[in-house]
Amino acid sequence: MTTAERPVIVPLPPHLTHPFAPAGRADPGPAYRWLQVHDPVHYDPYSRMWWLTSHAACGAALRDNRLSAALGQRERARDDALPPSMLTTDPPEHQRLRNPGQLLLGPAAVRSLEGVLGEEIDALIGALPDRLDAVEAIGAPFATAVFGRLFGLPRTDWARFELLAGAASVNLDPLAGSERAAAGRAAMAELSAFLTAHARTAVAGPLGRLMADDRITEREKTGILGLAVVGGWQPLAEMVGNALYWLLPRPEAVAALRGSGGGDARHGDEDGGAARLLVDELLRLEAPIPFTARVATEEVPLPGGTVPRDGRVLIIIAAANRDPAAFEDPDELRPGRTPNPQLAFGAGTHFCLAAQLVRTASALLLPRLLGGFPGLALTTAPDALAWDPRPIPRRLLRCPVSTTGSADAD
Ligand code: HEM
């Protein structure tokens, strides 16, 4: 199709709600499933974007650099007053920014943090009350501890960091209205200033190594830190509630995790540690970043359809991760699913630079949490829990649990 032609619009059948309509957001699954079968490269007239829903189309699109992340992300997050980021940059410039980022988030950095992260998680779990909201009382402090240790932040700065990280996370949401988007950009500017001031003092640890690298400028380094926080803090925090939502009603999955010990989950281990496999399966089922955007720099044929030049593309990771063509029983939690080609971390050029950190930290947390509290249970029926009406990140608003299993806990 050329840009002069009008896209063919395949309407959703009337019994399915548009996934971004308020009523469709809590469970976009049925509409995604229908699109996968009937129109996997679908022009959505409301968002004026090409929606990719099949695993084949999403995987191919993520790996195709003719679909520009720089143009796709710029629409929502780019603010030229802020430092550049590798996610808003296409190859070959992208690699120049990503290589130094490995000093902060690569395998050596993650290995160096494993011991201290274990200690942080033990302290967090040891202080939990009997009744709590896991989103607020476990997810947020867990993510803050990971970043606090990664950046070597003084503990007295953790609360401020958490506030700024939460406020700047609005930048993840491409549907944020202009007021929220402006507030998100203002928070991002404040976060950048905070991170720059701190980074100037860093001499040790992964951040110290990044700051000592002379391949990129200080401003570019701050860009990496800002992206890490906006792209990572909230998804990491939300992963916890999403995981407990799936795990706690399923004793066999909990048993698999409790038995895994949590120490065998390093990325690169060939033993396929149970905790690590389970983390990937949980991210498949409830991808915290359910979609990402691109713009086609030329006509791009994909499995199931063609995106025209200048077409704005929405790669719906959450749909791809439940595609029956790629996953047997896609709506079931299978703790040891192997292989698991889930796309929660993206794929190709912009594959999440912190995937190993996320897998390691989560595989340290979950077995400790479930092992430490044999009675841990949801205190609200899973289908009564409320999902955030904003589609990104995918998150429970609250996840009330009892650490002792008492049913009247909430
Ligand atoms: C559960 C938690 C996380 C999920 C689900 C996740 C998911 C993703 C996804 C889907 C992308 C690709 C976006 C695209 O292609 O448009 C991405 C990129 C990225 N993520 Fe993550 N992320 C998580 C946590 C983190 C954390 C904790 C950090 C940093 C500490 C981080 C740092 C990055 C960076 C730097 C990129 C850009 C890579 C590039 O452009 O080359 N992420 N992440």
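Just to confirm, what accessible area per residue do you get for the stretch 22-402 at 1.4 Å probe, in whole Å²?
Numbers: 14760 Å² over 381 residues.
The answer is 39 Å² per residue.
How much of the accessible area of the stretch 22-402, probe 1.4 Å, is carbon plus sulfur, in whole percent? Before the final figure, lay out each step's value.
Working: 7990 of 14760 Å².
Taking all protein chains in place, the stretch 22-402 shows 54 percent carbon and sulfur surface.
Which shape class applies to the stretch 184-257: rounded if a/c is under 1.5, otherwise prolate when a/b exceeds b/c and oblate if not, where a ≥ b ≥ c are the square roots of the Cα gyration tensor eigenvalues?
Details: a/c = 4.03, a/b = 2.19, b/c = 1.84.
Prolate, because a/c is 1.5 or more and a/b exceeds b/c.
Which value at 222 nm does the chain reach when only helices count, each DSSP H run of 4 or more adding -39,500 (n - 2.57), with the total divided by all residues and rounded to the nearest 500 deg cm²/dmol? Intermediate values should be presented prior to the final figure.
On the way: 14 runs with 185 residues, N = 410.
After summing the helix terms and dividing by the residues of the chain, the value is -14500 deg cm²/dmol.
Once you place label points 7 Å from the Cα toward the Cβ at E298 and V203, how far apart are they in nm?
Taking the simple label geometry, E298 and V203 are separated by 5.2 nm.
For the stretch 32-42, just list the computed ³J(HN,Hα) in residue order, Karplus coefficients 6.51, -1.76 and 1.60, θ = phi - 60°, integers in Hz, with x standing in for Gly and Pro.
Values per residue, Gly and Pro as x: 4, 4, 5, 5, 3, 7, 9, 7, x, 10, 10 Hz.
Magnitude of the Cβ-charge dipole of the chain, K/R +1 and D/E -1, about the Cα centre, nearest 20 debye?
On the way: 40 positive and 47 negative charges, 139 e Å.
The calculation lands at about 660 debye.
Given points 7 Å out from each Cα along the Cα-Cβ axis, report the I9 to N65 separation in nanometres with one decimal.
The answer from the label model is 3.6 nm.
Using θ = phi - 60° and the Karplus relation 6.51 cos²θ - 1.76 cosθ + 1.60, list the HN-Hα couplings for the stretch 179-185 in order, rounded to whole Hz, with x at every Gly or Pro.
Each residue of the stretch 179-185 in turn: 5, 5, 4, 5, 5, x, 5 Hz.
Per 10 Å bin, what is the whole-percent P(r) computed from every C-alpha pair distance within the chain?
Calculated over all Cα pairs of the chain, the distribution is 5, 23, 33, 27, 12, 2, 0 percent.
Using θ = phi - 60° and the Karplus relation 6.51 cos²θ - 1.76 cosθ + 1.60, list the HN-Hα couplings for the stretch 211-222 in order, rounded to whole Hz, with x at every Gly or Pro.
Per residue, the Karplus-derived 3J(HN,Hα) values read 5, 7, 7, 9, 7, 10, 7, 4, 4, 5, 5, 4 Hz.
Using a basic spin-label model with each label point 7 Å from the Cα along Cα→Cβ, how many nm lie between Q102 and R398?
Here the modelled spin labels are 4.6 nm apart.
The values are calculated or read from the model by the stated rules, or taken from the named source; none is laboratory data. These figures come from a predicted structure and were not determined experimentally. Note: ideal-geometry Cβ built from the backbone for every residue, glycine included; neighbour counts use all protein chains shown. SASA here: full protein model, heavy atoms, side chains in, ligands and nucleic acids out. Shrake-Rupley method; radii C 1.70, N 1.55, O 1.52, S 1.80 Å.
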